[in-house]
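The values are calculated or read from the model by the stated rules, or taken from the named source; none is laboratory data. Bear in mind the structure is a predicted one, so any value in this text is a computation, not a measurement. Glycine gets a Cβ as well: all are built from the backbone with ideal geometry, and neighbour counts include every protein chain shown. What goes into the accessible areas is simple: the full protein's heavy atoms, side chains included, and nothing from ligands, DNA or RNA. Shrake-Rupley method; radii C 1.70, N 1.55, O 1.52, S 1.80 Å.
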Amino acid sequence: MTERTDYLTAAKAALEAHYPMAVCAFVAGSVIRGTATEKSDIDITVILPPEHEDVHRFSTIHEGWPIEFFVQNEKANQYFMNKDRNRGMAVMMDMMMNGKALPEENATTKRIRTEAKKLLELGPPKLTADEIDDRRYFITDLLDDLDPSRPKLEIIGIAAR
């Protein structure tokens with residue numbers, strides 16, 4: 001890995017430089033899991049005060065690290081966690097549960113972690129009979145397309161779907 005500041009120092013400095021008004025933040029992703037590579041970025045979910053309604057993403061480079069900010073207030077964070085739950089993907093919940101709190105653990109980070117844990121324990125909503133039938137049809141249709149006479153890239157694309 002190229003020489004750069006350690007991820008936590010860079011994350012703290014970037015948060016202070018770009019979002020000093022943050023109530024809290026969560027550093028997540030490969031840097032937390034210990035699987036970062038030279039091309040890895042630092043994912044930071046920033047929780048701003050409730051009156052902040054400009055939910056957005058922002059990318060920058062700070063102290064040698066590409067950084068991706070997910071900027072929102074607590075209400076928007078709740079929305080995104082529920083959206084992920086409904087899709088059956090625990091991306092935001094995982095970031096909240098396993099992320100490193102910045103600048104430190106506080107009442108807001110604890111409340112968000114508790115909500116993320118609750119949603120994870122609920123699991124995704126139960127599929128309706130129609131949703132199950134639709135997925136079976138989709139899978140069967142893709143399996144029918146897995147014909148060895150197709151070009152290799154098509155087969156890889158079909159398998160990936």
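Key figures
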| item | result |
| --- | --- |
| Selected residue (only one of 102, 122, 127 is aliphatic (A, V, I, L, M) and closer than 20 Å to residue 44 by Cα) | 102 |
| Unique residue being surrounded by fewer than 18 Cβ atoms within 10 Å (Cβ to Cβ), of a type in the set (Ser, Thr, Tyr) and in contact with a helix residue (DSSP H, G or I) (Cβ under 7 Å, 6 or more places away or on another chain) when the list is 30, 40 | 40 |
| Qualifying residue in region 45-53 (condition: within 17 Å of residue 10 (Cα to Cα), among the β-branched types (Val, Ile, Thr), in contact with a Leu (Cβ under 8 Å, 6 or more places away or on another chain) and modelled with pLDDT of 95 or more) | yes |
| Any hit, region 64-78, residues being among the aliphatic types (A, V, I, L, M) and closer than 30 Å to residue 128 by Cα | yes |
| Complete set of residues in region 6-37 that are among the aliphatic types (A, V, I, L, M), out of contact with any Leu (no Cβ under 7 Å at 6 or more places or on another chain) and in a helix (DSSP H, G or I) | 8, 10, 13, 14, 17, 31, 32 |
| Pair list, Cβ under 8 Å, 6 or more apart: region 6-24 residue closer than 13 Å to residue 104 by Cβ, other residue open to solvent by 50 Å² or more (accessible area, probe 1.4 Å) and assigned to a helix (DSSP H, G or I) | 23/74 |
| Within region 88-142, tally of residues that are open to solvent by 60 Å² or more (accessible area, probe 1.4 Å) and touching a residue at least 40 places away in the same chain (Cβ under 8 Å) | 4 |
| Residues of region 26-53 classified as touching a residue at least 40 places away in the same chain (Cβ under 8 Å) and touching a Lys or Arg at 6+ places or on another chain (Cβ under 9 Å), total | 4 |
| Hits in region 74-87 (condition: open to solvent by less than 40 Å² (accessible area, probe 1.4 Å) and either in contact with a helix residue (DSSP H, G or I) (Cβ under 6 Å, 6 or more places away or on another chain) or in contact (Cβ under 8 Å) with a residue 24 or more places away in the chain (or both)) | 77, 81, 84 |
